[in-house]
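The values are calculated or read from the model by the stated rules, or taken from the named source; none is laboratory data. All of these numbers come straight from a predicted model, not from anything done at the bench. Ideal geometry is used to build each Cβ from the backbone, glycine not excepted, and the neighbour counts take in all protein chains shown.
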Amino acid sequence: MDSTNTSAARYSRGAIVLHWLIAVLIVLNIAAAFVSEEMSKDDRATVMANHKAIGIIVLLLTVLRIVWRLMHRPPPLLESLKAWEAALSRVVHAGFYFLMLAIPLTGWAMSSAFSKGAGVSLFGLVTVPALPVGYDKPTAGLFAELHELLAFGMIALIVLHVAGALKHQLIDKDDTLRRMVPWMN
Ligand code: HEM
Ligand code: HEM
């Protein structure tokens with residue numbers, strides 16, 4: 001692994017793999033939810049079954065990622081960061097961890113309530129049991145609202161996060177992106 005105290009320090013391999021895997025799955029899930037709105041009922045049901053399974057996998061990977069992070073401290077922030085940049089990145093990263101748990105959990109609760117206690121099938125391989133919430137319409141509606149609201153919060157954070165990454169790469173020309181991209185020199 002890289003040394004920890006210089007600008008060459010990177011996130012650990014595990015943190016990098018989990019970052020990119022989870023990022024791809026989240027973007028896929030957001031796209032699937034929106035694209036499916038234009039589909040026939042049957043097609044939408046198929047896409048949303050995959051949306052639910054991918055979402056549960058994101059939840060599991062996020063738990064793994066948090067455990068991994070507790071065992072592998074991230075590299076120290078670049079010394080060149082201004083105080084507001086360091087503070088903003090901490091807020092955005094904490095917001096991501098919260099949403100990576102809260103979005104799948106509200107989706108799972110919504111699905112449990114809508115389907116009156118049916119579990120979520122993970123691609124027909126295993127079925128995750130329903131969460132113990134009220135199995136009625138108002139409960140389903142409440143979690144649907146929350147799920148949507150949180151997902152829009154996630155979209156806003158992604159825009160901010162990617163803008164930050166691009167600013168560091170193209171304007172500041174510093175090592176920020178390198179810390180999360182193993183093949184960059
Ligand atoms: C990575 C995690 C997830 C993300 C980013 C995500 C994102 C979204 C988005 C953007 C929508 C569309 C919101 C709207 O405009 O109505 C949506 C809808 C939905 N999500 Fe998720 N979701 C995730 C996980 C889950 C999980 C784990 C489940 C269930 C087990 C789930 C079930 C649903 C359902 C049933 C809808 C449709 C709601 C409706 O039609 O009113 N989602 N999701
Ligand atoms: C859904 C998409 C994404 C999510 C949820 C996400 C989430 C996160 C989180 C939580 C961290 C903090 C890691 C930690 O300290 O434990 C992080 C770091 C980072 N992400 Fe993302 N990310 C996403 C997409 C992207 C994209 C598209 C890029 C590049 C354009 C990117 C570039 C980075 C970089 C460079 C860091 C390290 C920042 C630093 O050293 O302070 N991420 N990301």
For segment 62-76, enumerate the residues that are within 16 Å of ligand 1 (Cβ to nearest atom) and surrounded by fewer than 17 Cβ atoms within 10 Å (Cβ to Cβ). Val63, Leu64, Ile66
Checklist (1) within 25 Å of Tyr11 (Cα to Cα); (2) touching a residue at least 24 places away in the same chain (Cβ under 8 Å) applied to Ala83, failing item: (2)
Report yes if some residue within segment 94-109 is assigned to a helix (DSSP H, G or I), hydroxyl-bearing (Ser, Thr, Tyr) and under 22 Å from Ser12 (Cβ atoms); otherwise report no. yes
Screening Gly55, Gly95 for residues that are in contact with a Leu (Cβ under 6 Å, 6 or more places away or on another chain) and in contact (Cβ under 8 Å) with a residue 12 or more places away in the chain leaves only Gly95
Looking at Ile16, Ile66, can you tell me which residue is under 23 Å from Lys173 (Cα atoms), under 18 Å from the mean Cα position of the chain (by Cα), of a type in the set (A, V, I, L, M, F, W, C) and at pLDDT 95 or above? Ile16
Restricting segment 164-185 to residues that are within 14 Å of Arg13 (Cα to Cα) and among the charged types (D, E, K, R), the one farthest from ligand 1 (Cβ to nearest atom) turns out to be Arg178
Of the residues in segment 168-185, how many are assigned to a helix (DSSP H, G or I) and surrounded by 12 or more Cβ atoms within 10 Å (Cβ to Cβ)? 6
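Quick grid of which residues meet (1) surrounded by 12 or more Cβ atoms within 10 Å (Cβ to Cβ); (2) over 12 Å from the mean Cα position of the chain (by Cα); (3) within 15 Å of ligand 1 (Cβ to nearest atom):
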| position | (1), (2), (3) |
| --- | --- |
| Met39 | yes, yes, yes |
| Leu59 | yes, no, yes |
| Leu78 | yes, yes, no |
| Leu81 | yes, yes, no |
| Glu85 | yes, yes, no |
| Ser89 | yes, yes, no |
| Phe96 | yes, no, yes |
If the Cβ limit is 9 Å and pairs must be 6+ apart or interchain, which residue in segment 115-138 that is of a type in the set (S, T, N, Q) pairs with which residue that is part of a loop (DSSP other than H, G, I, E, B)? Ser115/Ala130; Ser115/Tyr135; Thr127/Ala118; Thr127/Gly119
Among the residues of segment 113-168, the number that are within 30 Å of Arg179 (Cα to Cα) and of a type outside the set (A, V, I, L, M, F, W, C) is 5
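Yes/no matrix, rows are residues, columns are (1) within 11 Å of ligand 2 (Cβ to nearest atom); (2) more than 24 Å from Thr176 (Cβ to Cβ); (3) of a type in the set (Ser, Thr, Tyr); (4) not in a helix (DSSP H, G or I):
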{"site": "Ala9", "(1), (2), (3), (4)": "yes, no, no, yes"}
{"site": "Ile16", "(1), (2), (3), (4)": "yes, no, no, no"}
{"site": "Ile22", "(1), (2), (3), (4)": "yes, no, no, no"}
{"site": "Leu28", "(1), (2), (3), (4)": "yes, yes, no, no"}
{"site": "Ala32", "(1), (2), (3), (4)": "no, yes, no, no"}
{"site": "Asp42", "(1), (2), (3), (4)": "no, yes, no, no"}
{"site": "Val47", "(1), (2), (3), (4)": "no, yes, no, no"}
{"site": "Asn50", "(1), (2), (3), (4)": "no, yes, no, no"}
Residue in segment 41-55 that is farthest from the chain's Cα centre (by Cα), counting only those that are basic (Lys, Arg) and surrounded by 12 or more Cβ atoms within 10 Å (Cβ to Cβ): Arg44
Within segment 135-167, the residues that are in a loop (DSSP other than H, G, I, E, B) and surrounded by 13 or more Cβ atoms within 10 Å (Cβ to Cβ) are Tyr135
Quick one: what pairs do we get from segment 161-179, first residue at positive phi, second of a type in the set (Gly, Ala, Ser) and modelled with pLDDT under 95, C-beta under 7 Å, 6+ apart or different chains? none
